[in-house]
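Sharing a structure here in structure tokens format.
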Amino acid sequence: MMKKVFRFLLPFILLLITNYNVYCWGFYAHQKTNYYAVFLLPPEMMVLYKPSIAFISEHAIDPDKRRYAVPDEGPRHYIDIDQYGKYPYDALPRKWSDAVAKFTEDTLKQHGIVPWHVQTMLNRLTNAFKEKNFSLIMKYSAEIGHYISDAHVPLHASSNHNGQYTNQKGIHGFWESRVPELLAEKEWDFFVGKADYIKYPGDFIWARVLESAQAADTVLLYERELTKQFDDDKKYSFEERNGKTIRQYSSAFTIAYNKKLDGMIERRMRQSIYAIASFWYTAWVNAGQPDLKSLIAQKFSEADIKEFENLNKQWSSAGKMIGREEQ
Ligand SMILES: [Zn+2]
């Protein structure tokens, strides 16, 4: 009898305790990709980035925090490219002004603008290097890393971004948080050679977005297939986190999914790391390779520190992401 009651109540209990936040690429993966990107830089850049590696990785997640406070922030993290027809989505002009002329800015923002925003950030970072502005170099480096990583996530290039249309809610955080958090430290390798100069940054980031879009179906399909092989009580497990019991994908299910994806998540993280370092390097070269040694001793201003504190305050007191959610 008790068992029956429990069975009946289980979905409601699950609903209650799964209502917690997850973030794009997870905070964990964003911080990792920015961190490891530093090691791909040439010595002339390493002199500045290495001592600042804690800042660069910690602030990798600022753009996500901002999603709780700034309405314009959300669309910079994704593109629902399937809204523009079929792969390779030729109906969508790659150039911002052409795309605006064809679809209007409102529509573009509605479906997400990540490939364009990466290019905006590249321009900002290039100017920061030209001005040798320590604080902006640091902030933009950390933040462009975030958007580049997001562009590498298949579910950031699909309107079914959390499996909400296919009864797979939760897959977003599963792919980009749960799997790396369980496996990256133990099994994955993030040393990936060195940064390259990117001659055509627009083409580069669009190519990554198209790869993401192409992989989205696999990400969703494999989870569905695997679910058929796992009973609910094997697919999920319960864990204490910050005093709360949460439901999460079980270790067995997570490991099986990663295996089925044949290293896709590790590969996308490695490609993110390479892309981040290469964008930083490209900005620096395009700015005329300024000498960064003179910036090492610089510190953030009072105003900067206030700004970081405010962002944290807004984020921790805000209950909900503005715009579409990813839980
Ligand atoms: Zn994001």
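For segment 22-35, which positions are of a type in the set (Ser, Thr, Tyr), part of a helix (DSSP H, G or I) and either near the ligand (Cβ under 10 Å from one of its atoms) or at pLDDT 95 or above (or both)?
Within segment 22-35, 33, 35 meet the criteria.
Report whether or not residue 289 is assigned to a loop (DSSP other than H, G, I, E, B) and either surrounded by 15 or more Cβ atoms within 10 Å (Cβ to Cβ) or in contact (Cβ under 8 Å) with a residue 60 or more places away in the chain (or both).
Values: assigned to a loop (DSSP other than H, G, I, E, B): yes; either surrounded by 15 or more Cβ atoms within 10 Å (Cβ to Cβ) or in contact (Cβ under 8 Å) with a residue 60 or more places away in the chain (or both): yes.
Yes: the conditions hold for residue 289.
Also, I was wondering about something else. Quick check on my filter: what residues within segment 127-159 are of a type in the set (D, E, K, R) and in a helix (DSSP H, G or I)?
Correct list: 130, 139, 143, 150.
State the number of residues belonging to segment 228-272 that are surrounded by fewer than 18 Cβ atoms within 10 Å (Cβ to Cβ) and of a type in the set (Val, Ile, Thr).
The total comes to 3.
Here's a follow-up. Would you pick out the residues in segment 83-126 that are in contact (Cβ under 8 Å) with a residue 12 or more places away in the chain and either polar (S, T, N, Q) or in a loop (DSSP other than H, G, I, E, B) (or both)?
Passing the criteria: 83, 87, 88, 89, 94, 95, 110, 112, 113, 119, 126.
Okay, next question. Does segment 223-235 contain at least one residue that is at pLDDT 95 or above, of a type in the set (A, V, I, L, M, F, W, C) and out of contact with any Gly (no Cβ under 9 Å at 6 or more places or on another chain)?
yes
Just the residues that are modelled with pLDDT of 95 or more and not in a helix (DSSP H, G or I), please, taken from segment 191-212.
Residues satisfying the conditions are 194, 195, 196, 197, 198, 199, 200.
Of the residues 149, 141, 159, only one is among the hydroxyl-bearing types (Ser, Thr, Tyr) and surrounded by fewer than 22 Cβ atoms within 10 Å (Cβ to Cβ); which?
It is 159.
If you scan segment 63-73, which residues turn out to be buried (at least 22 other Cβ atoms within 10 Å of the Cβ) and in contact with a Lys or Arg (Cβ under 8 Å, 6 or more places away or on another chain)?
Residue satisfying the conditions is 63 alone.
Say whether the condition of being more than 24 Å from residue 302 (Cα to Cα) and within 16 Å of the ligand (Cβ to nearest atom) is met by at least one residue in segment 120-134.
Scanning segment 120-134, I find at least one residue that is more than 24 Å from residue 302 (Cα to Cα) and within 16 Å of the ligand (Cβ to nearest atom), so the answer is yes.
Can you tell me which residue is nearest to residue 125 (Cα to Cα) among those in segment 36-51 that are in a helix (DSSP H, G or I) and free of Cβ contacts under 8 Å to residues at least 24 places away in the same chain?
Here the residue is 46.
Still on this model: Can you confirm whether segment 109-118 contains a residue that is under 16 Å from residue 307 (Cβ atoms) and away from the ligand (no atom under 16 Å from the Cβ)?
No, because not a single residue in segment 109-118 is under 16 Å from residue 307 (Cβ atoms) and away from the ligand (no atom under 16 Å from the Cβ).
Quick one: what pairs do we get from segment 177-192, first residue within 21 Å of residue 61 (Cβ to Cβ), second among the polar types (S, T, N, Q) and part of a helix (DSSP H, G or I), C-beta under 7 Å, 6+ apart or different chains?
From segment 177-192, the pairs are 178/254; 179/254; 179/258; 182/251; 182/254; 183/258.
Now, a different point. Return yes or no: is residue 49 away from the ligand (no atom under 16 Å from the Cβ), under 22 Å from residue 159 (Cα atoms) and over 13 Å from the mean Cα position of the chain (by Cα)? Break it down into steps so the answer makes sense when it comes.
Values: away from the ligand (no atom under 16 Å from the Cβ): yes; under 22 Å from residue 159 (Cα atoms): no; over 13 Å from the mean Cα position of the chain (by Cα): yes.
Here the answer is no, as residue 49 does not meet what is asked.
Do you know which residues across segment 52-79 are within 12 Å of the ligand (Cβ to nearest atom) and in a helix (DSSP H, G or I)?
Within segment 52-79, 60, 61, 62, 63, 64, 65, 66, 74, 75, 76, 77 qualify.
Find the residue count for segment 183-208, including only residues that are of a type in the set (A, V, I, L, M) and out of contact with any Phe, Trp or Tyr (no Cβ under 9 Å at 6 or more places or on another chain). Please lay out each step first, then the result.
Residues of segment 183-208 that are of a type in the set (A, V, I, L, M), as a first pass: 183-184, 192, 195, 198, 205, 207.
From what is left, the residues that are out of contact with any Phe, Trp or Tyr (no Cβ under 9 Å at 6 or more places or on another chain) are 183, 207.
Count: 2.
The values are calculated or read from the model by the stated rules, or taken from the named source; none is laboratory data. What you see is a predicted model, and the numbers here were worked out from it, not measured in a lab. Glycine gets a Cβ as well: all are built from the backbone with ideal geometry, and neighbour counts include every protein chain shown.
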